Amino acid sequence: MAGRITRKELKTDKFALEVGQTVDFVTAHRRQLSLWGSIAAAIIVVSLGVYLYVRHQQTVREQALGDAIQMQEAPVTAANSSGRLSFPTEEAKESAVSKAFTDIATSYSGSSEGAVAKYYLGSIAADQGKMADAEKWFKQAANEGDVNYASLARFSLGQVYFAEGRPAEAEKILRDLMAHPTVFVSKEQATIALAKGIAPTRQAEALKLLDPLRAGGGAVSQVAITAVGELMGQQ
């Protein structure tokens, strides 16, 4: 009997052996473990530093974008006694606004703020009739922005394609937006834009797209009714 080892004793001896091995390992590798602990602490410190830096950079980007948008919305006036931001001429405003958005687009490319800046640059170029530049900026904004700004950039790109005589490319974009609406571009908005774009060559189809929207009521209905009236007037 004395020579027998019970299952309970076997477990106890195994546990003691494992504990002993662990103690021996810690004793033999105390310096390494101390070093690993220091490394872990350093990683935490570095990670915290990176997080704070990213947050700071995001704040900087947001401030720069806010300043640029404020410039975009500032009035043009010869005399400014209010102390609020304004520009003496339209040319001075365009120059300052373009520079501000270009700096953001260049310095913060790949960020949400950079994508928004590129969208604004595309809009500015389109307003100036520079369709090649508008296409370039809208494409970049669509590729880099979040789903909402990307949809808005693609919507504007569709308008550029219609203006450039590329209706097939415009239609492809707008039909995709109709199938995948976002907060910034609704299905109805994309539908109306498509109807207006194809109307010169496919008027019957354009009217068919607009017809269901006329009965919906609200702002969409009013826009659709107006668009249908314009198309009928072109007959």
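The values are calculated or read from the model by the stated rules, or taken from the named source; none is laboratory data. None of the values given here were measured: they were computed from a predicted structure. Cβ placement follows ideal geometry from the backbone for every residue including glycine, while neighbour counts extend to all protein chains displayed.
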- Can you pull out the residues in region 70-112 that are of a type in the set (Lys, Arg) and more than 28 Å from residue 145 (Cα to Cα)? 84
- Message: Of the conditions (1) buried (at least 17 other Cβ atoms within 10 Å of the Cβ); (2) at pLDDT 90 or above, residue 145 satisfies every one except a single condition; which number is it?
- Response: (2)
- Within the set of pairs 6+ apart or on separate chains, which have a first residue in region 116-136 that is over 17 Å from residue 158 (Cβ atoms), a second that is modelled with pLDDT of 90 or more, and C-beta atoms under 6 Å apart? 117/101; 117/104; 117/105; 120/101; 121/101; 121/137
- Task: List the number of the failed condition for residue 139; all other conditions in (1) touching a residue at least 12 places away in the same chain (Cβ under 8 Å); (2) not in a helix (DSSP H, G or I) hold.
- Result: (2)
- Item | Residue count, region 179-218 (criterion: small (Gly, Ala, Ser), part of a helix (DSSP H, G or I) and modelled with pLDDT of 85 or more) | 7
- Item | Selection within region 143-187 - closer than 20 Å to residue 132 by Cβ and of a type in the set (Gly, Ala, Ser) | 153, 156, 158, 163, 165, 168, 170
- Note on the structure: The residue that is farthest from the chain's Cα centre (by Cα), considering only those in region 144-198 that are over 20 Å from residue 210 (Cβ atoms) and among the acidic types (Asp, Glu), is 164
